[in-house]
1. Can you pull out the helices (runs of 4 or more DSSP H) entirely within segment 46-144 that have at least 2 residues that are more than 28 Å from the chain's Cα centre (by Cα) and at pLDDT 90 or above?
2. Of all residues being touching a Lys or Arg at 6+ places or on another chain (Cβ under 8 Å) and touching a residue at least 60 places away in the same chain (Cβ under 8 Å) in segment 167-184, which is farthest from residue 71 (Cα to Cα)? Just the residue, please.
3. Would you pick out the residues in segment 54-78 that are among the charged types (D, E, K, R) and under 17 Å from residue 35 (Cα atoms)?
4. Among (1) assigned to a loop (DSSP other than H, G, I, E, B); (2) more than 17 Å from residue 128 (Cβ to Cβ); (3) not basic (Lys, Arg), where does residue 170 come up short?
5. Out of segment 264-303, which residues are acidic (Asp, Glu) and at pLDDT 90 or above?
6. Which of the residues belonging to segment 100-152 are of a type in the set (Val, Ile, Thr) and out of contact with any Lys or Arg (no Cβ under 7 Å at 6 or more places or on another chain)?
7. Scan (1) surrounded by 17 or more Cβ atoms within 10 Å (Cβ to Cβ); (2) closer than 24 Å to residue 220 by Cα for the single condition residue 311 breaks and write down its number.
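The values are calculated or read from the model by the stated rules, or taken from the named source; none is laboratory data. All of these numbers come straight from a predicted model, not from anything done at the bench. With ideal geometry, Cβ positions are generated from the backbone for all residues, glycine too; neighbour counts draw on all protein chains shown.
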Amino acid sequence: MRQVHKAGEKLFVDYCGMTVVVHDPISQQEVDAQIFVAALGASNYTFAEATPAQTLEHWIGSHQRALTFFGGVPKVIVPDNLKSGVNSPCRYEPGLNGSYQEFAEHYGVAVIPARPKKPRDKAKVEKAVQEVERQVLAPLRHQHFTGFAQLNEAIRDRLAALNSRVMKGYGLLRQQLFERIEQDALAPLPPTPFVFARWKVAKVSLDYHIELERHYYSVPYTLVQRQVRVKTTEHQVEIFFESQRVATHQRSKVPYRHTTLPEHMPPEHWAYKQQSRSTFLAWAQQVGPQTVQQVEAIFALKPHEEQAFRTLKGVQRLATHYGPTQLEAACGYANHFALVGLSRLRSILQNQRQFSLPEPTHSQATPTHANLRGASYYHQTPLNF
């Protein structure tokens, strides 16, 4: 069936079968450069560039550079069923890769892959690939390239010549036809560039973290043992559960470390993490000065302050059970007799000791009477011999 292509409607993309050898002078290795080709349906205006591979990053990056080259966005992109872009090739409902789908949403373009083993669905780019191989790559086959920047510069020069050749049947240049009927029909490019991201599925471990490139990122503890989707960009990690974003982290390259947000922790973990000398002393000040003195004495008995934390958690439990007033009185009793520690305080409270301390004894002044000589009695005039 003869197809009629409307201006600005479809962009067809594919890779050439022919490759170009690029020599790396540093590693002394050769790389077969993959040639990406994109052609607009109505004008046949063509874009081509070389990339190191056909991986997802290069696939989407070539799309971005092609749209920048055309200066606008078509309504539809028609790719082949390349694994980088299409996860599940299907005649009726092909499944797009998550990153490729996100790219399409960012640019407001629909992606309709060609049917498997039906190259006629993308005949425009098949013809464009043929022209690029003949008019662009073939003249370069004997040149020596030491980098992709050098190769792509040579491709741009040959591509400009291809787009400036008169097409038989049209009597126009590709560039002239593009400027005449298709350039204004393209939608404008979005104001911000697309940020490439990878997607993966991960299972939340029992410590409410997911693993990504040997680093661990926290998610809300209520999602333990659940499946989540992870979106990774160059600087950020986003975690989604049932299409809702539940966590965002700065991406870290440090292996075997944890990035944990406090709000993701269970209450008991958060309370444990917050333990410190200052927090226990702040709590003791709310109870009273005798409790502060007892807490400081407990810290003084331990060679490392963290050893006192469990003891002080027990003291806090006594305050919950007996009340802060009783604990303050018990601490006063213990401080008077130099008793320090949880077991001493518990014993005082359990035995319902009377917390009234003995009154200090004061010496009474001696009453005056005739037998008192006084200090002046012992002050005598020295004898002269």
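1. 56-70, 123-132
2. Selected residue: 167.
3. Looking only at segment 54-78, we keep the residues that are among the charged types (D, E, K, R), and these are 57, 65, 75.
If the condition is that a residue be among the charged types (D, E, K, R) and under 17 Å from residue 35 (Cα atoms), then 57, 65 are the ones that fit.
4. Unmet for residue 170, out of (1) assigned to a loop (DSSP other than H, G, I, E, B); (2) more than 17 Å from residue 128 (Cβ to Cβ); (3) not basic (Lys, Arg): (2).
5. 296
6. 111, 112, 125, 129, 132, 146
7. For residue 311, the failing item is (2).
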